[in-house]
Amino acid sequence: MIIKFLSEAHFELIDAVAYYEGELSGLGQRLWDEVDEHIAWIARNHEVPRLRPGGYRRVNLQIFPYYISYVVRDQVIWFLAIAHGHSRPEYWIDRPKLID
C-alpha cells in the first residue's frame, strides 16, 4: 500500500505537534511518535477499523485526544485528518472529494 497525506492532514499534525511541544518540551515528539506508530499499524491493518458512514475509517490515538481518519482508494491509503476528538467533530468530512 502507498501512503499519502492530504496537505490539510499534514498541517494538522504539524500544528498539534507544535502546540504540545510548546506546552512541554518533548511532548510534541511523543505525539509525533504515537501518530507514526498508528500510521504503521493502519498500513498493515487498514481494513480492520469499521467503515463509517461517509466511507472513511478512523483510528483513535491512545495517549492523545486525537484520531486519524483515512480512506483507501485502489492501492493508496489517504490520510484525511489528524483531528482532535473533542472539537468540531467531522469538520473534515468533505475532504474525500479532494482525492476523487
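Note on segment 73-92: residues that are within 13 Å of the chain's Cα centre (by Cα) and within 23 Å of Ile2 (Cβ to Cβ) total 8. Taking segment 1-19 as the range and being touching a strand residue (DSSP E or B) at 6+ places or on another chain (Cβ under 6 Å) and assigned to a helix (DSSP H, G or I) as the test, the residues that pass are Ala9, Glu12, Leu13. Taking the condition under 23 Å from Leu98 (Cβ atoms), touching a Lys or Arg at 6+ places or on another chain (Cβ under 7 Å) and without any contact (Cβ under 8 Å) to a residue 24 or more places away in the chain, does Pro53 pass? Criteria not met by Pro53. Listed by first and then second residue, the pairs linking a residue in segment 27-45 that is acidic (Asp, Glu) to a residue that is outside any helix (DSSP H, G or I), with Cβ atoms under 6 Å apart and 6 or more places separating them unless they lie on different chains, are Glu34/Leu61; Glu34/Ile63. Among the residues of segment 13-25, none is identified as more than 20 Å from Val72 (Cβ to Cβ) and within 11 Å of the chain's Cα centre (by Cα). Among the numbered conditions (1) surrounded by 16 or more Cβ atoms within 10 Å (Cβ to Cβ); (2) of a type in the set (A, V, I, L, M); (3) out of contact with any Leu (no Cβ under 6 Å at 6 or more places or on another chain), the only one that Ala40 does not meet is (1).
Checking the structure you have, find out if any residue of segment 20-29 is outside any helix (DSSP H, G or I) and under 24 Å from Ile99 (Cα atoms).
To start, the set of residues in segment 20-29 that are outside any helix (DSSP H, G or I) comprises 24-26.
Those left that are additionally under 24 Å from Ile99 (Cα atoms): none.
Among the residues of segment 20-29, not one is outside any helix (DSSP H, G or I) and under 24 Å from Ile99 (Cα atoms), which makes the answer no.
Report whether or not Glu90 is out of contact with any Pro (no Cβ under 6 Å at 6 or more places or on another chain) and part of a loop (DSSP other than H, G, I, E, B). Yes; evaluated as a whole, the condition is true for this residue.
Contact annotation: residue pairs with Cβ atoms under 7 Å, 6 or more positions apart or on different chains, pairing a residue in segment 83-100 that is charged (D, E, K, R) with a partner that is assigned to a loop (DSSP other than H, G, I, E, B) and surrounded by 12 or more Cβ atoms within 10 Å (Cβ to Cβ), are Arg95/Leu6.
Only the coordinates and a few stated rules stand behind these numbers; no lab work does. Computed from a prediction, not measured in an experiment: that's the story for all the values here. No Cβ is skipped: glycine too gets one built from the backbone with ideal geometry, and neighbour counts run over all protein chains shown.
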